[in-house]
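For reference, the structure discussed in these notes is given below.
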Amino acid sequence: MKSKAWTEKFMQGVFFIAACASVLAVALICIFLFANGVPAMKEIGFVKFITGEMWKPNNKIFGILPMIVGSIYVTAGAILIGVPIGILTSVFMAMYCPKRIYKPLKAATELLAGIPSVVYGFFGLVVLVPAMRDFGKMLHNAFPALFPSGGNGNSMLTASVLLGMMILPTIIGTTEAAIRAVPTHYYEGSLALGATHERSIFRIVIPAAKSGVIAGIVLGIGRAIGETMAVIMVAGNQARMPAGILKGVRTLTANIVIEMGYATDLHREALIATGVVLFVFILIINFSVALLNRRSGRE
């Protein structure tokens, strides 16, 4: 008994140390970002830094509004593409998929999560960019007033499509697990009351799994807004206000990676301040989702 009690206390200590290490890592990141980024914001001017539309480090002009808007647009496009496909795929895997094809399909979705970002970037560069170039030319020929230029394929739309593909495994895995966690009597009770198979799924099962579905969407948003390498290879990386879905954009993460290698002094601190803005965005998203889940739980 003494040996068992000592083992339990030891493991409890190990778990406590692991939890403290996780919290410490987050705290150190926060301290580093804010200690190096806030002074730059003060020197540049917080409002000028956030709302400035020009990014010219050589002229000491640091405005990140184009990158903020670009990140929001690209992430929103990825959500519009990836979320419906991911949720419908997870519904198929949990409620419709035959057993003989479930394992290959599950393995394929898990493989998507393991593909490096740079490989996605190469795929986008070789496949998506030429396809979007042709698509842009088609839109330009069909609607010249709406699309004065077809673009060269490196665009906001290309980045959105690529990120929509990249967030699929995150959304599919989390949503499928949430659907399978719903008690079966919810679904069976709905069928017993006369509802169809589809109505039972979309009116009973998915609402019951809402917290898990939302968690998957939030994780997908985090993946999309924080992605760098793949976006750099297909987005065009133009530090200007987005001019259309067929035009190039630069995201916050791309701005940091592209210029951090040669940045010095205020330029480097401004890039770290850009990381602070990105960090705050993710905190706001997580806080909003937690608040939404809390309200839905009370209802």
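The values are calculated or read from the model by the stated rules, or taken from the named source; none is laboratory data. All values reported here derive from a predicted model rather than from experimental measurement. Positions of Cβ are generated from backbone atoms using ideal geometry, with glycine treated the same way; all protein chains shown enter the neighbour counts. Protein only, heavy atoms only, side chains kept; ligands, DNA and RNA dropped before computing areas. Shrake-Rupley method; radii C 1.70, N 1.55, O 1.52, S 1.80 Å.
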- Note on the structure: Checked against (1) modelled with pLDDT of 90 or more; (2) closer than 22 Å to Leu278 by Cα; (3) open to solvent by 10 Å² or more (accessible area, probe 1.4 Å), Ser117 satisfies every condition except (1)
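What residue, among those in region 120-140 that are within 23 Å of the chain's Cα centre (by Cα) and small (Gly, Ala, Ser), is surrounded by the fewest Cβ atoms within 10 Å (Cβ to Cβ)?
Going through the qualifying residues, I end up with Gly121.
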- Within region 50-91, count every residue that is part of a loop (DSSP other than H, G, I, E, B) and under 13 Å from Arg250 (Cα atoms). 4
- Item | Within region 236-287, considering residues that are among the small types (Gly, Ala, Ser) and outside any helix (DSSP H, G or I), the one farthest from Ile214 (Cα to Cα) | Ala263
- Note on the structure: Only one of (1) over 30 Å from Gly114 (Cα atoms); (2) assigned to a helix (DSSP H, G or I); (3) of a type in the set (Lys, Arg) does not apply to Arg180, and that is (1)
- Task: Go through region 203-214 residue by residue and tally those that are without any contact (Cβ under 8 Å) to a residue 60 or more places away in the chain and either open to solvent by 30 Å² or more (accessible area, probe 1.4 Å) or within 30 Å of Pro66 (Cα to Cα) (or both).
- Result: 4
- Task: Filter region 117-157 down to residues that are of a type in the set (S, T, N, Q) and in contact with a strand residue (DSSP E or B) (Cβ under 7 Å, 6 or more places away or on another chain) and give me whichever is farthest from Gly70 (Cα to Cα).
- Result: Asn154
- Query: Residues in region 93-103 that are part of a helix (DSSP H, G or I), open to solvent by less than 80 Å² (accessible area, probe 1.4 Å) and not hydroxyl-bearing (Ser, Thr, Tyr): how many?
  - Reply: 4
- Checked Gly261, Gly189, Gly244 against criteria (small (Gly, Ala, Ser), exposed (fewer than 14 other Cβ atoms within 10 Å of the Cβ) and farther than 22 Å from Val118 by Cα); the one match is Gly189
- Task: Could you tell me which residue of region 141-156 is least open to solvent (accessible area, probe 1.4 Å), considering only residues that are farther than 18 Å from Val231 by Cβ and in contact (Cβ under 8 Å) with a residue 24 or more places away in the chain?
- Result: Gly150
- Search result, residues across region 215-235 that are open to solvent by 40 Å² or more (accessible area, probe 1.4 Å) and either on the phi > 0 side of the Ramachandran plot or of a type outside the set (A, V, I, L, M, F, W, C) (or both): Arg223
- Based on what the data block shows, is Ala78 open to solvent by 30 Å² or more (accessible area, probe 1.4 Å), out of contact with any strand residue (DSSP E or B) (no Cβ under 7 Å at 6 or more places or on another chain) and not charged (D, E, K, R)? no
- Cβ pairs under 6 Å, 6+ apart, first in region 247-272 and without any contact (Cβ under 8 Å) to a residue 12 or more places away in the chain, second open to solvent by less than 60 Å² (accessible area, probe 1.4 Å) and assigned to a helix (DSSP H, G or I): Met260/Leu271
- Query: Right, Ala159: in contact with a Gly (Cβ under 8 Å, 6 or more places away or on another chain), open to solvent by 50 Å² or more (accessible area, probe 1.4 Å) and closer than 23 Å to Thr89 by Cα or not?
  - Reply: no
